[in-house]
Amino acid sequence: MRKLIAVILLGLTMSLSITAMADGHSTLRVVRVQTDDVGAYVAQLSEGNKLIAAVNNKFTVRAWQATFAGEAAGAVIVTVEYPGSFGEFAMAWDELVADPAVGKWLGGLSGLRTIVSDSLYNEFSL
C-alpha cells in the first residue's frame, strides 16, 4: 500500500512540475510613448525600475528607441516583462500599482509622456 501511495504521489508531483514548466511563458507589455525629453523620461524610468524591483522583482522593465525605423525613427518603446501568464501578470500588476510609491511614480510620468499604444503579448514556446 505504501508503494502505491508513493507512486501516486510521485506521479502527481511530476505532473504538476510538467504543468508548471509548460505554463512557464512570459507576458510582455509593450508601450509606445511620445516624449519631448527622452533623457528625463529614461531617468524617471530608471527611478521607477528601482521602486518596481522593491515591490516585485519578477518584473523586467526596459526602454528602447528606434534608430533605423523609417517614419518611426526616434520612437520610444517601454517593455515590461513578467514570467507568467496574462492572468498572473494582471494580478502582479494590480499588486504593483497598489503600492503608494509606485502609484505616485506612475502618475508623475503623465507629465513626461503620452502613451501612443499599449499592448500585451504572450510568449510562444519555441
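We did not get these values from a lab; they are worked out from the coordinates using the rules stated. Since the structure is predicted, the reported quantities are computational estimates derived from the model, not experimental observations. Heads up, the Cβs are rebuilt from the backbone with ideal geometry, glycines too, and the neighbour counts pull from every protein chain shown.
Our coupling estimate for the range 74-89, obtained by passing each phi through the Karplus curve with A = 6.51, B = -1.76, C = 1.60 and θ = phi - 60°, is x, 4, 10, 10, 10, 10, 10, 9, 9, x, x, 6, 4, x, 5, 4 Hz, Gly and Pro reported as x.
Under the combined filter of DSSP loop state and at most 16 neighbouring Cβ atoms within 10 Å, the range 49-126 retains these GluC sites (Glu not before Pro): Glu123. Positive contributions from Lys and Arg (+1) and negative ones from Asp and Glu (-1), summed over other residues with Cβ under 9 Å from the Cβ of Val76, come out at +2.
Calculation over all alpha carbon pairs of the range 24-122 in 5 angstrom steps from 0 returns a P(r) of 2, 13, 22, 25, 20, 11, 5, 1 percent.
Remark: the range 101-114, residue by residue, has Karplus-estimated 3J(HN,Hα) of 5, 5, x, 5, 4, 4, x, x, 5, 4, x, 9, 8, 10 Hz, where x stands for each Gly or Pro and the curve is 6.51 cos²θ - 1.76 cosθ + 1.60 at θ = phi - 60°.
Less than 5 angstrom separates the built amide H of Tyr121 from those of Leu28, Arg29, Val30, all sequence-distant by 5 or more or on a different chain.
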